Amino acid sequence: RETISSITREDLLAFRDRYFTGKNLVAAVVSGMPHAEALALVSRRFSALPAGEDPPPLRLAKTERDALIEGALGKPQGAIAAGAVFGPVSRDDRPALALVAALLNERLTRELREREGLAYAVGASLEAVGEAAVFSLGMGTAPEKLPQARAGIRREIEAVRAARPGAE
C-alpha cells in the first residue's frame with residue numbers, strides 16, 4: 001500500500017506515454033482471415049500510437065562464478081532455481097538454443113520427474129537476450145530431495161552438454 005500510494009496520476013501518464021508506443025508493441029494475430037486483411041486491421045487499430053524511441057540495447061553481464069543462495073520457503077516443499085548468462089551468441093546459433101532447451105527439458109522431465117520421482121514440476125529455458133544467452137531452470141521438489149535433485153540436475157546438464165547428435 002505504501003509503495004502504490006506514492007505513484008501519482010502524472011507518473012502513470014508519463015509511464016504510459018513512454019511505454020505504450022509503436023516500437024514497444026508486439027502484436028500476435030491468430031485468425032482465419034487473409035494475411036493482408038489481418039495486417040491492415042492491426043495497422044488501423046494501432047496507427048494512433050506514437051512511434052516512440054528505440055529501446056536501449058539490453059546488456060547483461062556474464063555469469064562469472066557459481067553462487068548458492070538458500071532460504072526457507074515456510075512450506076512443506078522445496079524449490080531449486082538456477083540461471084546463468086553467457087555469450088555472445090551469433091544469430092546463426094540462436095535456433096540451436098531452442099533445440100538444446102527442448103532436449104534438456106525432455107531429459108529433466110523423463111529422468112528426474114518420471115523415472116526418479118524427484119520433481120513435481122521442472123523446466124529449463126535457453127534464450128537469446130541481446131547478444132547474450134540466458135539459461136534458467138526451475139524445479140519443485142520435496143525438501144528432503146533437494147540434494148539428490150541438485151545432483152540430478154547437474155548430471156542431466158552434463159549429459160546434454162556431452163551429447164553428440166547423430167545423422168538421424
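The number of residues in region 86-143 being closer than 18 Å to Val160 by Cα and in a strand (DSSP E or B) comes to 14.
Counting the residues of region 116-157 that are farther than 29 Å from Ala72 by Cβ and among the charged types (D, E, K, R) gives 2.
Only residues that are under 16 Å from the mean Cα position of the chain (by Cα) and open to solvent by 70 Å² or more (accessible area, probe 1.4 Å) were counted across region 63-102, and they come to 4. Reported count of residues in region 38-68, each being hydrophobic (A, V, I, L, M, F, W, C), part of a loop (DSSP other than H, G, I, E, B) and out of contact with any strand residue (DSSP E or B) (no Cβ under 9 Å at 6 or more places or on another chain), is 5. The set of residues in region 32-57 that are open to solvent by less than 100 Å² (accessible area, probe 1.4 Å) and under 30 Å from Val134 (Cα atoms) comprises Ala51, Gly52, Pro55, Pro57. In the set (1) touching a residue at least 60 places away in the same chain (Cβ under 8 Å); (2) open to solvent by 80 Å² or more (accessible area, probe 1.4 Å), Arg113 fails one condition alone, (1).
Among the conditions (1) in contact (Cβ under 8 Å) with a residue 40 or more places away in the chain; (2) under 21 Å from Val26 (Cβ atoms); (3) loosely packed, with under 15 Cβ neighbours inside 10 Å, the only one that Ser136 does not satisfy is (3). Contact annotation: residue pairs with Cβ atoms under 7 Å, 6 or more positions apart or on different chains, pairing a residue in region 51-67 that is at positive phi with a partner that is among the β-branched types (Val, Ile, Thr) and part of a loop (DSSP other than H, G, I, E, B), are Gly52/Thr21.
Filtering region 1-31 to residues that are part of a loop (DSSP other than H, G, I, E, B), open to solvent by less than 100 Å² (accessible area, probe 1.4 Å) and farther than 30 Å from Glu127 by Cβ leaves Ser6, Ile7, Thr8. Taken together, Ala167, Ala151 contain a single residue that is of a type in the set (A, V, I, L, M), surrounded by fewer than 16 Cβ atoms within 10 Å (Cβ to Cβ) and in a loop (DSSP other than H, G, I, E, B), which is Ala167.
The values are calculated or read from the model by the stated rules, or taken from the named source; none is laboratory data. Since this is a predicted model, take the numbers as computed values, not measurements. Because the Cβ atoms are built from the backbone with ideal geometry, glycine has one as well, and the counts that use them run over all protein chains shown. Side chains included, ligands, DNA and RNA excluded: accessible areas come from the protein's heavy atoms. Shrake-Rupley method; radii C 1.70, N 1.55, O 1.52, S 1.80 Å.
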